[in-house]
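Note sheet for the following structure.
The values are calculated or read from the model by the stated rules, or taken from the named source; none is laboratory data. Since we're looking at a predicted model, the values are computed, not measured. Backbone-built Cβ (ideal geometry, glycine too); neighbour counts: all protein chains shown. Note: accessible area is taken over every heavy atom of the protein model, side chains too, but ligands, DNA and RNA are not part of it. Shrake-Rupley method; radii C 1.70, N 1.55, O 1.52, S 1.80 Å.
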Amino acid sequence: MVRRGIQCWAVACVLAGLFWVGAEQLRAEDPGYKGRSLAEWVGDLKNPSPQVRDKAVQAFRSLGPAAIPALRGLLRDADPGVRQAAVHALSVIIPVQKEVVLTIVETLHGADPATQQEAAAIWTGLKGKVGRDVIMSLAGDLKHDNADVRQKAAEALAEIRSVEKDVLQALVAALKDQKEVVRQKVADAIGAVGPEAGETVPVLTQALRDPDTATRQRVARAIGQVGAKAKEAVPALAQALNDADAGVRQETATALGKIGEVAKSTVPDLVLLFKDPDAKVREAAAVALGMIGSSAKGANPALVQLLKDGEAGVRQKAAEALGRIGQAGPDVIAALVQALADKDGAVRVSAASAMGRLGPAAQDALPALEQALKDGDASVRQEAARTIGKIGVAAEKSFPVLVQALKDPDANTREAAAKAMGTIALVGSVPKDVIQALIQLLNETDVEVKRSAIRALGEIGPKAADAIPVLQEMLKDADPNLRRAAAAAISRIEPGGGGG
């Protein structure tokens, strides 16, 4: 019996020892911080209190990479607050791990608004801390046997935008990946680098002939993102304007616009796209011509005709392009004046804006612009006022309608009218009756109208000196906003005259 008791005691000691060793091993595998285990800190991320969650997030800075699996698991939690806290906690783990980069990038492109918002908030600061070892590891993953790994690596590199030569070479090689989706993501990654990816243009040019439609679209977009440094791709892009896919044609036209003036040889090809059956393609062609600028002046007659397109979006882009090209003949002005009466408000805004870009050359449009100051759309009235100011000296005769615009119910229109009066005054004269009309507005009961009149007098500057006595009286007004506005106007009319 004694022997059996001794044996039982020995077995118990062994079991206790094994339990102790196991517990110690578990503690070693479960890193702690401030006397609390990883599991406890993870639990705090589920706490409904934002303060508790924030404190837990900071703990993960010390808990380190070992916490990554648990945090990634929380991204499946039903509570959006928990998911956001998990994303935030992942971002504080330094040095930045590849698993964290991949997780954040996946979240950026995911369908969960809560984590997507959090990922976007922290990614800008996080990507600058991604080490070269992680970046090169991602570049190496572009050769991984698993296509999903290659795709995720390309997505991550697109967000990191590394300009390292080794990374760009890895991306160039991956443009020949057997999987379409990988090639698409690789093209995105090259495009995200921008002008610094100029060395990839020869391979991108070849990829414009990729058998996959979506890949050709992404490649054309990438070439456009490289910009003017992609000049050697222009002939191939001109050919791609004839692609069977509308999306490719649209991206190609956009790319030529981003390349800019050096793509001027494609102006006739872009004009041909005005007959494209797809409205988005016609829009892209018009935008591209506008971005090419004055070198595209040969497209003006076709753009004038495009202002009659059946799609409002196309007419809008045509008007914008005419303004950007900036070569204004009578036919262009007449067409833009007609567009000021378009049934679509956005077209009318673009027509007015285009005339503003043309400046003094648009003076024949002044009657139409004055009429546009009565448009039912406040955005049109604002743009009309700005454009009148940009026309300059010839717009002196528009002062009376600008004075009336200071009573507009829309604050932005009143501001635009005030600024326009100041712009005209810089280059022309201001009739005495205009100054008197503005002074009369200071007697209006509407405080906002008063303030607009004060601002207009200030914008006019020294030429509004006759208004000084009245403005000085307004320094005693009961409304502090009017007092401040009057002081500011006086300081502009009479610099150093004590308006403050």
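Of everything in the stretch 471-487, what is open to solvent by 50 Å² or more (accessible area, probe 1.4 Å), in a helix (DSSP H, G or I) and not polar (S, T, N, Q)? Give them in sequence order.
E473, P480, R483, R484
Taking D166, is it more than 20 Å from the chain's Cα centre (by Cα), free of Cβ contacts under 8 Å to residues at least 40 places away in the same chain, in a helix (DSSP H, G or I) and more than 26 Å from A120 (Cβ to Cβ)?
So D166 passes the test.
Quick check on the stretch 402-418. Is at least one of its residues over 29 Å from the mean Cα position of the chain (by Cα) and closer than 21 Å to I333 by Cβ?
Yes, there is a match, as at least one residue in the stretch 402-418 is over 29 Å from the mean Cα position of the chain (by Cα) and closer than 21 Å to I333 by Cβ.
Pull up the stretch 24-39, narrow it to residues that are open to solvent by 90 Å² or more (accessible area, probe 1.4 Å) and assigned to a helix (DSSP H, G or I), then point me to the one that is modelled with the highest pLDDT.
Going through the qualifying residues, I end up with E29.
Among the residues of the stretch 113-134, write down those that are open to solvent by 20 Å² or more (accessible area, probe 1.4 Å) and under 20 Å from V186 (Cα atoms).
K127, R132, D133
In this structure, does K374 turn out to be of a type in the set (K, R), over 23 Å from V470 (Cβ atoms) and free of Cβ contacts under 8 Å to residues at least 40 places away in the same chain?
yes
Considering each of A465, A417 in turn, give the residue that is surrounded by fewer than 22 Cβ atoms within 10 Å (Cβ to Cβ) and assigned to a helix (DSSP H, G or I).
A465
Can you confirm whether V393 is closer than 28 Å to A465 by Cα, open to solvent by 50 Å² or more (accessible area, probe 1.4 Å) and in a helix (DSSP H, G or I)?
Yes.
Report, ordered by the first and then the second residue, all pairs with beta carbons closer than 9 Å, sequence separation of six or more or different chains, a first member in the stretch 301-318 that is open to solvent by less than 20 Å² (accessible area, probe 1.4 Å), and a second member that is of a type in the set (F, W, Y).
From residues that are open to solvent by less than 20 Å² (accessible area, probe 1.4 Å), the pairs are L303/F274; L306/F274; V314/F274; A318/F274.
Are any of the residues in the stretch 219-235 modelled with pLDDT of 95 or more, open to solvent by less than 50 Å² (accessible area, probe 1.4 Å), closer than 26 Å to Q327 by Cα and within 22 Å of the chain's Cα centre (by Cα)?
Yes, some residue in the stretch 219-235 is modelled with pLDDT of 95 or more, open to solvent by less than 50 Å² (accessible area, probe 1.4 Å), closer than 26 Å to Q327 by Cα and within 22 Å of the chain's Cα centre (by Cα).
Of all residues being under 39 Å from the mean Cα position of the chain (by Cα) and surrounded by fewer than 22 Cβ atoms within 10 Å (Cβ to Cβ) in the stretch 432-462, which is farthest from K476 (Cα to Cα)? Just the residue, please.
Step by step, filter the stretch 432-462, then rank; the result is G461.
Of the conditions (1) at pLDDT 90 or above; (2) part of a helix (DSSP H, G or I), K450 clears all except one; give me its number.
Among (1) at pLDDT 90 or above; (2) part of a helix (DSSP H, G or I), K450 violates only (1).
Of (1) in a helix (DSSP H, G or I); (2) hydroxyl-bearing (S, T, Y); (3) over 28 Å from the mean Cα position of the chain (by Cα), S429 satisfies all except one. Which?
Against the list (1) in a helix (DSSP H, G or I); (2) hydroxyl-bearing (S, T, Y); (3) over 28 Å from the mean Cα position of the chain (by Cα), S429 comes up short only on (1).
Assuming Q117 fulfils every condition listed in (1) under 28 Å from the mean Cα position of the chain (by Cα); (2) within 25 Å of G247 (Cβ to Cβ) apart from one, which condition is it?
Tallying (1) under 28 Å from the mean Cα position of the chain (by Cα); (2) within 25 Å of G247 (Cβ to Cβ), Q117 fails exactly one: (2).
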